[in-house]
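Structure first, commentary second.
The values are calculated or read from the model by the stated rules, or taken from the named source; none is laboratory data. Please read these numbers as outputs of a predicted model, since none were measured by experiment. Note: ideal-geometry Cβ built from the backbone for every residue, glycine included; neighbour counts use all protein chains shown. The area values use the complete protein model at the heavy-atom level, side chains included, leaving out ligands, DNA and RNA. Shrake-Rupley method; radii C 1.70, N 1.55, O 1.52, S 1.80 Å.
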Amino acid sequence: MDAQAEESFRQFVAGRSTALLRCAVLLTGGDRHAAEDLLQNALIKAAGRWQRIDEPEAYVRQILYRQQISRWRLKWPRRELTVAEPPDEHDTHGDDAVTAAELRLLIRDALARLTPRQRTVLVLRYFEDLPEAEVARVLGCSVGTVRSTTHRSLERLRAYSPELAALAADRPILEVRP
């Protein structure tokens, strides 16, 4: 890589790594360390082809998605998730007391309880705001598979975190789009 390409790559990493890391954290179910590894590997792959890449962010995101798909296809045992004890009924607060940070934690914990495939479909569909056809193309499956996986994933999210379903009535966070 020549000096100009290297500087261009450094600027890209400095400017876009935060957004790319957010996407990677969502893809890994809130595991920041795994997300950093995922992003680092994607950037290493992109650096090797940097001079031939037309749209760097799209290219790196595609690498992130595909690496995450490869991770969920591996045969090693998954780590167990640790969860806190559910709060007592008298400790719960009304919807007005839910802060943005609490909402992010709820979403992160709920996403972590999904399978990697379900999590990836929801991240691509709702956080990356990709249409169903584009999600199907990225994941290499049919649009019907994306729809059914989205439907099952949202059902599972609502079952795991009823607080999100209650919040969704006030804030359209997890609504199903046509």
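For the reader, a short list of remarks on this structure follows.
- Region 1-35, subset touching a helix residue (DSSP H, G or I) at 6+ places or on another chain (Cβ under 7 Å) and among the charged types (D, E, K, R), residue least open to solvent (accessible area, probe 1.4 Å): 16
- For region 116-162, the set of residues classified as under 15 Å from residue 23 (Cα atoms) and free of Cβ contacts under 8 Å to residues at least 24 places away in the same chain consists of 129, 130, 135, listed by residue number.
- Residues being exposed (fewer than 14 other Cβ atoms within 10 Å of the Cβ) and within 13 Å of the chain's Cα centre (by Cα) - total across region 124-151: 1
- Segments classed as helices (runs of 4 or more DSSP H), wholly inside region 112-166, with at least 3 members that are within 16 Å of residue 62 (Cβ to Cβ) and at pLDDT 85 or above: 132-139
- All conditions in (1) at pLDDT below 85; (2) buried (at least 17 other Cβ atoms within 10 Å of the Cβ); (3) closer than 23 Å to residue 34 by Cα hold for residue 104, with the sole exception of (2).
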